[in-house]
Amino acid sequence: MSANLSIGLVARRTGATVPTVRYYEEIGLLPPAKRTDAGQRSYDEATVRRLVFIRRCRDFGFSIDQVRDLVCLVDQPERPCVEVRDIAATHLEQVRRKLDELRALEASLSAFVCSCEAACAGGPAVDCTILEDLAVPAENARVVQSPKCC
């Protein structure tokens, strides 16, 4: 493959930024670019494919370390697929935990808004139940059980 793609072109084709391409190269996710006689980076189509892979991994929320492991598996195709599955399964469990946390956060925020709607909306901010609730440490906060108003 000919190595004739500029860093700007690679960035545009993959939806990355130039600093991101440099960063991925610096941390070893991308192989070092060949250099032109003028010292500019020059990439090939394989690098574009690798960068698309990395970006897709990041879009799915894989950590840099997980991406590094996945890239390693791409580079060693004889390794078992179960290793890829295990990385994805671990990440899936992390995503599910975050979703549980987000659902709890949503319920708390909904309770804040409902409490405000019922008790003080339209009054001065100093009397706002949301501000009062946010000023109490979480372990001492009252649990607002209000009907779903929002």
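The values are calculated or read from the model by the stated rules, or taken from the named source; none is laboratory data. These figures come from a predicted structure and were not determined experimentally. Virtual Cβ from ideal backbone geometry, glycine too; neighbours counted across all protein chains shown. To get the accessible areas, we keep the full protein, side chains included, count just its heavy atoms, and leave off ligands, DNA and RNA. Shrake-Rupley method; radii C 1.70, N 1.55, O 1.52, S 1.80 Å.
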Next on the checklist: Being under 30 Å from Leu131 (Cβ atoms) and not charged (D, E, K, R): is that true of Leu109 here?
Outcome noted: yes
Notebook entry, point to check: Regarding Ser115, is this residue open to solvent by less than 70 Å² (accessible area, probe 1.4 Å), touching a Ser or Thr at 6+ places or on another chain (Cβ under 6 Å), free of Cβ contacts under 8 Å to residues at least 40 places away in the same chain and of a type in the set (Gly, Ala, Ser)?
Noted result: yes
Inset, instruction - Kindly indicate whether any position in the range 77-92 is under 26 Å from Arg13 (Cα atoms), open to solvent by 80 Å² or more (accessible area, probe 1.4 Å) and either in contact (Cβ under 8 Å) with a residue 60 or more places away in the chain or not small (Gly, Ala, Ser) (or both). - result: yes
With the first residue restricted to the range 26-38 and required to be touching a residue at least 12 places away in the same chain (Cβ under 8 Å), and the second required to be part of a loop (DSSP other than H, G, I, E, B), Cβ contacts under 9 Å at 6 or more apart or on different chains are Ala33/Ala3; Ala33/Gln40; Lys34/Ala3; Lys34/Asp44
Residues of the range 58-96 being hydrophobic (A, V, I, L, M, F, W, C) and not in a helix (DSSP H, G or I), in sequence order, are Phe60, Phe62
Restricted to the range 34-45 and to residues being farther than 11 Å from Leu5 by Cα and small (Gly, Ala, Ser), the residue most open to solvent (accessible area, probe 1.4 Å) is Ala38
Contact list, first residue from the range 118-140 and without any contact (Cβ under 8 Å) to a residue 12 or more places away in the chain, second anywhere and in a loop (DSSP other than H, G, I, E, B) and surrounded by 14 or more Cβ atoms within 10 Å (Cβ to Cβ), beta-carbon distance below 6 Å, six or more apart or interchain, is Cys120/Cys128; Asp127/Cys120
Among residues of the range 1-14 being over 19 Å from Gly39 (Cβ atoms) and modelled with pLDDT of 95 or more, the residue most open to solvent (accessible area, probe 1.4 Å) is Arg12
Expected output for the range 48-61 (first residue touching a residue at least 24 places away in the same chain (Cβ under 8 Å) and under 18 Å from Gly28 (Cβ atoms), partner open to solvent by less than 100 Å² (accessible area, probe 1.4 Å) and of a type in the set (S, T, N, Q), Cβ below 7 Å, 6+ apart or cross-chain) is Val48/Thr14; Leu51/Thr14; Val52/Thr14; Arg55/Thr14
